[in-house]
1. With Cβ to Cβ distances under 14 Å as the rule, what net charge do the other residues near Val84 carry (K, R +1; D, E -1)?
2. Sticking with the crude label model, points 7 Å out along Cα→Cβ, report the distance from Thr86 to Asn70 in nm, one decimal please.
3. Before I look further, what does the range 9-99 give for accessible area per residue, probe 1.4 Å, in whole square angstrom?
4. Once a ≥ b ≥ c are taken as the square roots of the eigenvalues of the Cα gyration tensor of the range 48-91, is the result rounded (a/c under 1.5), prolate (a/b larger than b/c) or oblate (a/b not larger than b/c)?
5. Place a label point 7 angstrom from the Cα of Ser93 along the Cα-to-Cβ direction, then list the residues of the range 49-78 whose backbone nitrogen is under 15 Å away.
6. What residues qualify as long-range amide H neighbours of Ile10, i.e. H under 5 Å apart, gap of 5 or more or another chain, H built at 1.01 Å from N?
7. Over the Cα atoms of the chain, what radius of gyration and what Dmax do you get, in Å?
8. Give me the percent of accessible area attributable to carbon and sulfur for the range 9-91, probe 1.4 angstrom.
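The values are calculated or read from the model by the stated rules, or taken from the named source; none is laboratory data. Computed from a predicted model, the values in this text were never measured in an experiment. All Cβ positions, even for glycine, are placed from backbone atoms using ideal geometry, and neighbour counts span all protein chains on display. Note: accessible area is taken over every heavy atom of the protein model, side chains too, but ligands, DNA and RNA are not part of it. Shrake-Rupley method; radii C 1.70, N 1.55, O 1.52, S 1.80 Å.
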Amino acid sequence: MASADQLTVIIPTFNRLELLKQSIKSLENQTVKGFQVIILDNNSNDGTVDYLRKLKSSSFEIELILRNQNIGYFQNLLDGINLVRTKYISFLSDDNEYL
């Protein structure tokens, strides 16, 4: 079984603030704590950036990548993959939740 410090969750996002909040809440509700989360915002203009700048978690470590232009979903996702330094990786879309 992998330990939490071996896992990074990547969340690319663009203009889905309310859905993103639900996705992050689903991470907070996990019984495993201590994993890493990389959130890559693709130049949202719906309040997402303000929300992310204030975001704190006692359950996981957060790294933010805030774009100054929209580089597209797949490049945003690939950039997130390149930032991972843990053994395991998981993807969470900004419109999905972990059970």
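1. -2
2. According to this spin-label approximation, the distance is 2.9 nm.
3. About 59 Å² of surface per residue is accessible.
4. Oblate.
5. So the set is 73-74, 77.
6. The answer is Ile38, Ser90, Phe91, Leu92.
7. Over the chain's Cα set, Rg and Dmax evaluate to 12.6, 40 Å.
8. Accessible surface attributable to carbon and sulfur in the range 9-91 totals 50 percent.
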